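One structure below.
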Amino acid sequence: MIYLTICYVLENTLYINVTNRCTNRCSFCVRDKDCGIGDVNLWLEKEPTVEEMIEDIKRFNPQKYDEVVFCGYGEPTMRLDTVLACAKFIKENFDSKIRINTNGQANLFYGENVAPRLSGLIDVVSISLNAKNAEEYDELCKSIYGRESFQGLIDFAKACKKVVPEVVMSVVDVLPPEDIEACRKIAEDAGARLRVRELIE
């Protein structure tokens, strides 16, 4: 039997683990240090099907939690059809706020603007900004798209702002204050709010 951790809970938030795959190889990524968070093993031995994910979502009952977040050990938008199918199920059956945590490279990955597909299904898009310019982002996050990825994620934030109620861009708290303020300006220019998050060791 293949063991899958699909749904897991942190601080009254229900997280949904979609994939191990990612277009980035961030130097600070927790997945390079461990196979999970706390005692939760998030490394998927196979990608769960929509049916498997919906069964686990029902088992956890999203109604009990403050928020449902598509996140985990990879980039959820690389399985966008699966994410949106699950989000549709949740919206049709539960009164839940849905967020997706992403590196913002979905439009680069698909070669088209996929943001309109989030409309009515995703309430919050949280994009990892991580750096104040393309050079530093490339050095830190090592995207398969190189320096193009930085402008790509900014463009994705702007596209999401047109169709999603809330867009957040985030940085980790290890950045110097002046870098955080530069990132705040980038987020505001994209119509997003900046969130400074704690680095997970």
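The values are calculated or read from the model by the stated rules, or taken from the named source; none is laboratory data. Predicted model, so just to flag it, every value in this text is computed and none were measured. Note that we place each Cβ from the backbone using ideal geometry, even for glycine, and neighbour counts take in every protein chain shown. For the accessible areas, the whole protein counts, side chains as well, though only heavy atoms, and no ligand, DNA or RNA atoms are used. Shrake-Rupley method; radii C 1.70, N 1.55, O 1.52, S 1.80 Å.
Within segment 147-173, the set of residues being without any contact (Cβ under 8 Å) to a residue 60 or more places away in the chain, open to solvent by less than 20 Å² (accessible area, probe 1.4 Å) and not hydrophobic (A, V, I, L, M, F, W, C) comprises 152, 170.
Of 81, 95, 138, 56, all but one fail to be assigned to a loop (DSSP other than H, G, I, E, B), at negative phi and of a type in the set (D, E, K, R); the exception is 95. Taking the condition open to solvent by 20 Å² or more (accessible area, probe 1.4 Å) and at pLDDT 95 or above, does residue 67 pass? When the stated conditions are applied, residue 67 passes them. Considered as a group, the residues in segment 6-37 that are over 16 Å from the mean Cα position of the chain (by Cα) and modelled with pLDDT of 90 or more include one that is most open to solvent (accessible area, probe 1.4 Å), and that residue is 11. Among the criteria (1) at pLDDT 95 or above; (2) more than 16 Å from the chain's Cα centre (by Cα); (3) open to solvent by 90 Å² or more (accessible area, probe 1.4 Å), the one residue 193 does not fulfil is (2). Scanning segment 93-142 for residues that are of a type in the set (Ser, Thr, Tyr), open to solvent by less than 40 Å² (accessible area, probe 1.4 Å) and touching a helix residue (DSSP H, G or I) at 6+ places or on another chain (Cβ under 9 Å) yields 96, 102, 128, 137.
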